[in-house]
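Quick notes on the structure that follows.
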Amino acid sequence: MLQRTREDLPFKPDSSPRNYVCGGPIGRVQRPWTALRGRRRVGTSGVATTETYTSNTHLGGFDSLSVEEKRVEGLPLEGRLPEWLQGSLLRTGPARWEVGEQSLNHWFDGFAMLHRFAFKGGNVSYACRMVESRAYRAARETGEIAYSEFGTDPCRSLFARVFAMFSPKISDNPNVNLGWLGERFIAMTETPIPVEFDPETLAAAGVAYEAPGLLTTAHPHLDRDGGAMLNYAAKLGPRNRYRFFRLEPGSREPRVIAERPVREPAYMHSFGLSERWLVLAEFPFVVNPARIALSGRPYIENYRWKPELGTRFTLFDRHTGEATGPFETDAFFGFHHVNAFERDGELIVDVCVLKDAGVVAALYMERLRRGEPHPLAEVRRFRIDPAAGTVSHERLVPDGFDLPRINYGRCNERPYRCAWGVGVGASGWFDHIVRADVEAGSSKTWSEPDCFPGEPVFVARPGAEAEDDGVLLTLVFDGARGGTRLVVLDARSLEEIARAEAPHTIPYGFHGQFARA
Ligand SMILES: [Fe+2]
């Protein structure tokens, strides 16, 4: 992939830019709008080549959106949508980082907005709405940041900090991912209080359930039998525990199905699931929980990169809860598992990884709005032999990517061939879609000049036989003309099928799901 010098800074809390820390705002971000145009070629050979190092044309996707809610019927459409594509692409993401004179610091901190692109009769309609989380409501009513976010900490007393740590009074700003549990739609962040919402009106409808811990992931899995949710939680306090819990579709009461004590929990954004195992990958980005309460620093700035710990895989039997491992290998950092499955006595775990946790600091808004590059993730396959206690690893495909998607319904927990994601190219930001063939070890890409796609959501064609028979739905920011469009690609060829223009620029977000009609 694009091999270029990039500043992969190790995580240094004290050097991180912050617009707001205890003591008040340091100042509003001024965006250096220096668009240095260049050209790049992207081919289907699996390797993109760069002619000229470009451009800050992607920066408009970091602007806050001042809209509270909007509905538009019949978006301007080019191309022809497949007749079978009926349903809604639902997405969440940060939309606003400013509160009065204060600013939220990190990309992960912005107040959540839900978006819906609804496909019906060959047309696309759009709706969006800010999520009435208690964090957003408090900020709007007081004009100040009231709740701690990932990289922002409102000024609070020591008592308030400790109280916040050991009580559920923490942010519920659900800007990371969404999903459903039976008939209920749920928007999530990494705190234990996901927000239920109405998929038609996009209105928030209260706390969906409370996870059994202080931290959880916004990447739950669904059990194939009955649709129960499986997720991870970390219980922090005098004694810390990793936990996995199960939530039945009609229930609001999570049941802990596996747990293990841990001294310094690792930051965990997702986990793997095979037919037998819940797969915990502990990257060596760890925290002494007492620091969260006492340090006075935003939550994530209490974590420390300790590569000497390596990466540790612990496997929990899905049915008995029994743990095996940890199985140790080299130090990596990563947000997203791609897939996991068992084959010939091995457990295969595919993960988008980076060489260290510097990406966390790289995603502060001040750095992003300055045009500093996003570190490039690669897809790495870990082969774990539980009987021998060994782990080996290899790079899977030449094109690195993150925000991975697979044909989940068909392939999760099982051997698979295709994964899709977004790669960081010459722009320093996500500027191309990657389709990876993980069996062949090859990949191909889609891009347009000055265009910046987000996570490609795969939607299978009903009745499809091939794993990649379907479409990808991705939101693309057009840095040359401004604005965001929904682009529909053929998932196999990456050829464009259709595009629909959104009524405004949608700030770069994280994850979404397609709900069939
Ligand atoms: Fe994620």
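Tabulated values for the structure
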read-out: Peptide ranges 307-319, 211-223 listed from the most packed, as the mean C-beta count within 10 angstrom indicates; value: 211-223, 307-319
read-out: Rounded FRET efficiency, nearest 0.05, which uses the C-beta distance separating ALA387 from GLU68 and R0 of 45 Å; value: 0.20
read-out: Separation of the GLU465 and GLU308 label points, Cα + 7 Å toward Cβ, nm; value: 5.8 nm
read-out: Of HIS504, PRO220, VAL67, farthest towards positive along the dipole that unit charges on Lys, Arg, Asp, Glu beta carbons give the chain; value: VAL67
read-out: Options TRP420, SER270, THR142, ranked by Cα towards positive dipole end of the chain, top entry (Cβ charges); value: THR142
read-out: Cα gyration tensor shape of the range 346-390, rounded if a/c is under 1.5, else prolate or oblate by comparing a/b with b/c; value: prolate
read-out: Residue (of SER447, ALA388, ALA436) at the positive-pole extreme of the range 374-452, dipole from beta-carbon charges; value: ALA388
read-out: Pair ALA203, ARG291: separation of 7 Å Cα→Cβ label points (nm); value: 4.4 nm
read-out: Gained length - ALA480 relative to GLU496, 0.36 nm times residue gap less alpha-carbon distance; value: 3.9 nm
read-out: Cβ charges +1 (Lys, Arg) and -1 (Asp, Glu), total dipole of the chain, debye; value: 840 debye
read-out: Percentage relative contact order, the range 237-281, counting C-alpha pairs under 8 Å, at least six apart; value: 32 percent
read-out: Contour excess over end-to-end distance, with Cα ends at ASN123 and TYR408 and 0.36 nm allotted per residue; value: 100.0 nm
read-out: Lys pairs under 17 Å by Cα in the chain, provided they are eight or more residues apart or on distinct chains; value: 4
read-out: Residues VAL351, VAL256, sorted so that the one with the fewest Cβ neighbours within 10 Å comes first; value: VAL256, VAL351
read-out: For the chain: relative contact order, % (alpha-carbon pairs under 8 angstrom, 6 or more apart); value: 16 percent
read-out: Proximal charge balance of THR314 [Cβ under 15 Å; K/R count +1, D/E count -1]; value: 0
read-out: Rounded to the nearest 20 debye, dipole of the range 399-517 from Cβ charges on Lys, Arg, Asp, Glu; value: 300 debye
read-out: Three-way shape label, the range 344-479, alpha-carbon gyration tensor, a/c 1.5; value: oblate
read-out: Cα shape, the chain, gyration tensor, a/c 1.5 rule; value: rounded
read-out: Ordering of 466-475, 86-95 by burial proxy (mean other Cβ atoms within 10 Å per residue, highest first); value: 86-95, 466-475
read-out: Potential lengthening between GLU253 and ARG140 on full extension [0.36 nm per residue; Cα-Cα distance subtracted]; value: 37.6 nm
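Computed from the coordinates by the stated procedures, all read-outs in this text should not be read as laboratory data. Since the structure is predicted, the reported quantities are computational estimates derived from the model, not experimental observations. Positions of Cβ are generated from backbone atoms using ideal geometry, with glycine treated the same way; all protein chains shown enter the neighbour counts.
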